[in-house]
Amino acid sequence: MFRSLRFQLPALFLAAIVLAGLVSTAVAVSVSKGYAQTTLKRQAFRELGREAAGITQIYAARAGRSAPPSLELERASGDQIFYIPRARGIDVFPGPTPAFTLLPRRVLDFDRILAGHAVRFEFNRPRDKMRLLGVARPVKLADQVFGAVILARPKTQLNQSWLPFIRRLLPAFLAGILVAGALGLYLSRRITKPVLALSDASDAVAAGHYGVAVPDVPGGGEISHLASRFREMASQLERAEALERNFLMTVSHELRTPLTAIRGHVEALLEGVVEDEEARAYSLEVISLEADRLERLVGDVLDLAKLDTHRFTLRREEVDMERLVDRAYSGFGEEARRRGIDYSRSIAAKPVLETDGDRVLQVISNLLSNAFRWTPDGGRVGLALTQVDGTVRVAVDDSGPGIPQDEQARIFRPFWSRDGHGTGLGLAIARELAEALGGDIELRTDAGKGSRFELVLPTTNADASARR
């Protein structure tokens, strides 16, 4: 559970929110504390100043008589009262003992008191060193300053004054955490739901179920892009599996047909069913032809495997393209005669290339084989050799049905066949070989009018060398 993205994502989101909230709260408390202390300090000084003004009047009115009841005044004001005489021995309140707590003059700027000004200051209480805020006002008799009355309160009261702010802030912080947690849970579910769906789909694909439904993620973000690409991948894997099944079925059929013919003729020869020499020669010829057919099929499969794994090697030799085209042309003369096909060739150039002649011949033969397969009896097939703009071109024209636009890219895919017959390897091998030789195969076709496949090879071997 704890390793699941469904748990980790909201937990991480909530942890980030809590951390951000704690940091923000700490900063807010620090700033608020400083601001609150400054504000409360000014307010405390103002309050102490007002009280000190009233109590100073009381003390001035009682001068020369018994001191005012300072304890009662402290209880009434809630603050502490201190007194600083102008000089030792001067007591404006005669009596056996002082009626108030005395402070030394050094705790404040007494010159300002003598000048008749009030003084705000901080000091330590003599008996326990508690820090106090105080306001001192001069006590005057006949416009003469005889001392100063001080009202003070503990500075710790300022800290206690902003604690209610913290108590109000804490519920707001907890409420923010709850809201952030709910929002994080909602957002994480929106994010993890398609991711988990993609995870389930990937498990299905890994198990070989390529037709699994991939969720459609709206929004156009990274997860939507991932889902789209995953859907395309699953679709391609499904098509590849279908092609593989089709290939296996096709190859099985292509192998079974010549093997059945070979077995039938071999059994007839072994059982003595074929007695005359002419029938015996015919059976041996059929066996030879079917064995050649098997060899070509196996060779095509091996060639494609080598090309796909880039383990295909090419020989470098001088090749007379005119002679090579003649060889390819003569290989289909008998079939053209038998089917009544108008079979022609055109030689407009006599180039000599440094390339692999056997592979070039294989490409041209595959193109001619494809042309004869789709050309009806009595149709037309043409073979032409030209040299244009630094390239050698071998074109194969036919009068077949043409290729629809949506099939023109697929005909070069391995194992794909337009009519479901054959291995679908001829054109795929031809395209791969052409690219390995540094060239390409160009296609021009019109529906109902035939097709033109053209092998294009460079006259220099630079491109071929770069591709090997």
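Some observations on this one:
- In this rough spin-label picture, where each label sits 7 Å from Cα along the Cβ direction, the Lys449-Glu74 distance is 11.9 nm.
- Gyration tensor verdict on region 378-420 (Cα atoms; rounded if a/c is under 1.5, prolate if a/b is larger than b/c, oblate otherwise): oblate
- Environment charge of Arg131, counting only residues whose C-beta is closer than 15 Å and scoring Lys/Arg +1, Asp/Glu -1: +4
- Largest accessible area first, the listed residues Arg452, Arg327 line up as Arg327, Arg452 when surface is computed with a 1.4 Å probe on the assembled protein chains.
- With 0.36 nm allotted per residue and the present C-alpha distance subtracted, the Ser199-Glu354 stretch has 50.5 nm of extension available.
- The listed residues Leu284, Leu367, once ranked by accessible area (1.4 Å probe) with the largest placed first, stand as Leu284, Leu367.
- Averaged per residue, region 312-468 has 48 square angstrom of accessible surface, using a 1.4 angstrom probe with ligands and nucleic acids left out.
- Inter-label distance, Glu238 to Ala291: 4.6 nm, where each label sits 7 Å from its Cα along the C-beta direction.
- The packing ranking, built from the mean of other Cβ atoms within 10 Å per residue, places the peptides 200-212, 379-391 in the order 379-391, 200-212, highest first.
- Anisotropy class of region 341-446 from Cα gyration tensor, a/c 1.5 cut: oblate
- Under the shape rule built on the C-alpha gyration tensor, where the axes satisfy a ≥ b ≥ c, region 312-373 is oblate, since a/c reaches at least 1.5 while a/b does not exceed b/c.
The values are calculated or read from the model by the stated rules, or taken from the named source; none is laboratory data. The structure displayed is predicted, hence computed values, not measured ones. Cβ sites come from the backbone with ideal geometry, for glycine too, and all protein chains shown count toward neighbours. Calculation scope for accessible area: heavy atoms of the full protein, side chains included, ligands and nucleic acids excluded. Shrake-Rupley method; radii C 1.70, N 1.55, O 1.52, S 1.80 Å.
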